[in-house]
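Remarks on the structure that follows.
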Amino acid sequence: MESGNQGEYDNVEKFDIKIKSKPKDGVILQLHHTVRGSNGESHRIRFSVGTFEDVHEKLACADNIGNIFVLDFSDLKFWKLKSQGPCTALQFSPHNLDTLVVAGAKKFTINFIDCESGTTTISLLGHTAPIKHISFSNNKINNLLTASPAEAILWELRNYTKYFTLNTYAEAQIQQILFTPAGDYLVACFQNDTVQIWRHDTMKSVKQIIPNDLKHLKNIAFTMNGRAMAMAGLAPILILFSMDTWKAIKSVDLLKYDITGVQQMAFIPQMFDGGANKVLAILSSDCNLIFLDLETLKIVNTIQPDSSNVRRFVVSPTGKYFLCVLQLGEINIYNTSYVLESKQPQTEKPIHEEFACTSIKRSNKEHSPTRVEVEAKMRTCMDSARLRRILMQYGEYPDKFRAIIWRSLLAVPRNRTAYSVLVDKGIHSSYKDIESQFTIHSSLTLKNLKRLLSCLAHWCPLFGVMKFLPSFVFPFVKILQKDPLLLFEIVATVLLNQCQLWFEYAPFPPVSILAMVENILAEHDRQLLNHFCELGVTSQTYALKILETAFSEVLTCSEWLILWDHILSNEPAYILMAVVSYNIVQKNAIRRLKTHEQLENFFHMQNPIDKKTFLKKAYVLLTETPDDIHPRRFFNSFTPLEKGSCYQLFSGYPKATICLKLAKRERKKQKPGPYTLKELTSKSQEKEINSRLKTTKSSDSESNNSDGMQDKNFMECSSKKTKKRSNNKDRKTGIRDDLIQSIMYPATIQLQKKRENAGGRKDKCNKKERGSCKRSTTPPKVNSEKRNNFLEQEVEKLMQSCSSYEDTND
């Protein structure tokens, strides 16, 4: 490895380009490079290679003398980089989209160039012949493959060193070599009409294909999902090969399409095809570009420029554009959708579906695998990386196998014994009357919901007090209720991972989670956050309501399933990104709402949303959120349920607070039982005393209303009456207190209190004058015999009432 020229270039001047709004035959732009010589004559320099970068919609192309032009279709600009000398291959780096890998023709170097400034950062040496092929692995290994007809070199990009070298001999030189779309395999076709397949991580040969009917093999192509490979050459035959079964799927006779041979071919990715690309672009031997639909077996369109024949073509990674390098040196850039949607005149002969498909036909006598066998095979073939690639290509998992895929993604242990222990504990007391809280018409769904919630509450007491839990798990019940064990383990795994830090302050709102959501929204859409603040709306409205219902209130059933396909296939932080993404995508509708009540209703109803934009924005937030506020900084990595006789404990919540809340709830639910004899006696005595006091008060009020004398003796009599009434009140109060205390206190304590009261009265009498002692207001002592008789009567009444109460209960 050599360090390239690090000197600074002058600022690159950019020029405007104009794309045709109504392209003729799909051509949106035509490139040609014309220069004037010293004698004033102009001559055209031919373009030789080109490559696309779809994320920023850029195109790089090079001419025969080494001038590299970069076109930006998003900004409608183009600029020229400083010449690096003639080059034989170009490719944008998928790991750094501003880096262009250029294969030099002189010293057979591999240069890494900044496409904005033209500076060369790194140069790799090692080839002995012109490099024709450049390919990157789209997986974690992060390798670069470069190949000439004589050798192929695998470079490790971490330290830019050689990882593997494949040398060939003269009769078996390399025609083409590349990675499969997933990066799992390395496939090469040679001049001796053989196809060799190596496993990327070990570089061990796993398959060698020698097609008998195909001679002069020149080219191979893969569908975007990597499940099918097309092989063709100078012979008029096309073979489709399955990468799953390592068998030929079908063979197509190209003579029916007037194609005598194939120079180059590539699959055309289209929207909603799920990576199983059905249109194949074929550059025939007579230099016509033909688009063949492999499903209908009809030609969609043919590119045959009037000015010149096609020498080679390049398709963009997403299939939005493709270019044709003409033999005269020009480059025509096409809009793929316009070309495929335009009607092709039917000049070809009728085509009959006659294919040698013996490899995929199945005789009736052959044993057909059962569903259990198919599921077992799927689980062995499904690793998380492959499933994520399928999800990114299709956008969702198939409904028929969604439960199996979720089970594989979450690595559920299927602990039947541990689950049976939870089920045997019965319905939890917190969810016995759940039907009164929710309107559920299906008795089966209600039964499954009760069982799931009860198992969760028995597993962890926290889930017996969280009020939002039924709303959160209900959509999972609707989808997975046919397999209760899988339902419980998937929900438990989601609570362990996607719901991290939700219960940190339970039963109060998760402050940490809401702060993360608010920080992410402030980073990516400050205006929307300001709108929420102006209306006094907090993250408890625009985030917590969505999380507590697991998006089920704001999305339709199909949208909910697609979203949870992506949530379960990504890191735990993705669910928070989805919340922010929903708000940003819906911001036009949110800004029209002017009251807090309107926003509350908005987040409790299904609103139209473009699901692709919604999911794409969530991925953008996941990758572009700064590390200092990114949720993955605070979340733990994915943790599956442990396999064994019991499930691991659920932690991460305040146990003391939850225990107190559970105890309080149990006390409220407990019904008051029969009173003890002492309590009944006390209550009856208080009731009787209060009734007698009311009678006495009523008689006193009548005496107070009587007319009296108007002279001086009247004043004396009135003062005497007042003292008398106060004495009566004290006497009555003393009787009531004595009765209550005689019931509430033991006899010894009561006797001691009476002695203390008597001693207190004697002290008071000694301090007062003799006249005042004679007029003492101390109430007289109550006859003990009368009081005992009264108590005995009351006790007999209570005993009779208790016996009647027991009879009624029996």
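The values are calculated or read from the model by the stated rules, or taken from the named source; none is laboratory data. What you are looking at is a predicted structure, and each value in this text was computed from that prediction instead of being measured. Neighbour counts are summed over all protein chains in view; Cβ atoms, including those assigned to glycine, are modelled from backbone coordinates with ideal geometry. Surface areas here come from the heavy atoms of the whole protein model, side chains and all, with no ligands, DNA or RNA. Shrake-Rupley method; radii C 1.70, N 1.55, O 1.52, S 1.80 Å.
Summary table
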| quantity | calculated |
| --- | --- |
| Identity of the residue in the stretch 233-246, of a type in the set (A, V, I, L, M) and more than 42 Å from the chain's Cα centre (by Cα), that ends up modelled with the highest pLDDT | Ile237 |
| Residues (at pLDDT below 70 and of a type outside the set (Asp, Glu)) located in the stretch 1-32 | Met1, Ser3, Gly4, Asn5, Gln6, Gly7, Tyr9, Asn11 |
| Any hit, the stretch 258-266, residues being open to solvent by 70 Å² or more (accessible area, probe 1.4 Å), in contact with a Ser or Thr (Cβ under 7 Å, 6 or more places away or on another chain), in a loop (DSSP other than H, G, I, E, B) and free of Cβ contacts under 8 Å to residues at least 40 places away in the same chain | yes |
| Helices (runs of 4 or more DSSP H) wholly inside the stretch 484-576 containing at least 3 residues that are open to solvent by 40 Å² or more (accessible area, probe 1.4 Å) and more than 30 Å from Leu444 (Cα to Cα) | 511-524, 526-534 |
| Scope the stretch 577-604; condition in a loop (DSSP other than H, G, I, E, B) and either closer than 16 Å to Leu514 by Cβ or modelled with pLDDT of 95 or more (or both); matching residues | Phe603 |
| Test: residue in the stretch 442-465 that is among the hydroxyl-bearing types (Ser, Thr, Tyr) and within 19 Å of the chain's Cα centre (by Cα) | no |
| Selection within the stretch 160-175 - among the hydrophobic types (A, V, I, L, M, F, W, C), part of a strand (DSSP E or B) and open to solvent by 40 Å² or more (accessible area, probe 1.4 Å) | Phe164 |
| Candidate set from the stretch 52-97 (those that are on the phi > 0 side of the Ramachandran plot and not charged (D, E, K, R)); member that is most open to solvent (accessible area, probe 1.4 Å) | Leu76 |
| Qualifying residue in the stretch 272-282 (condition: buried (at least 19 other Cβ atoms within 10 Å of the Cβ), touching a Leu at 6+ places or on another chain (Cβ under 9 Å), touching a residue at least 60 places away in the same chain (Cβ under 8 Å) and not acidic (Asp, Glu)) | yes |
| Unique match (being open to solvent by less than 50 Å² (accessible area, probe 1.4 Å), modelled with pLDDT under 90 and of a type outside the set (Gly, Ala, Ser)) among Leu157, Leu144, Leu100, Leu124 | Leu157 |
| Qualifying helices (runs of 4 or more DSSP H) (wholly inside the stretch 608-708; at least 1 residues being modelled with pLDDT of 85 or more and within 31 Å of the chain's Cα centre (by Cα)) | 611-624 |
| Test: residue in the stretch 299-321 that is modelled with pLDDT under 90, over 20 Å from Cys61 (Cβ atoms) and surrounded by fewer than 16 Cβ atoms within 10 Å (Cβ to Cβ) | yes |
| Neighbours by Cβ (under 9 Å, 6+ apart or cross-chain): first from the stretch 424-439, within 10 Å of His458 (Cα to Cα) and of a type outside the set (Gly, Ala, Ser); second open to solvent by 60 Å² or more (accessible area, probe 1.4 Å) and not in a loop (DSSP other than H, G, I, E, B) | Ile427/Arg451 |
| Flag if Gln437 is among the polar types (S, T, N, Q), within 30 Å of Val537 (Cβ to Cβ) and open to solvent by less than 10 Å² (accessible area, probe 1.4 Å) | no |
| Residues located in the stretch 120-141, provided they are closer than 18 Å to Lys107 by Cβ, β-branched (Val, Ile, Thr) and in contact (Cβ under 8 Å) with a residue 40 or more places away in the chain | Thr120, Thr121, Ile122, Ile131, Ile134 |
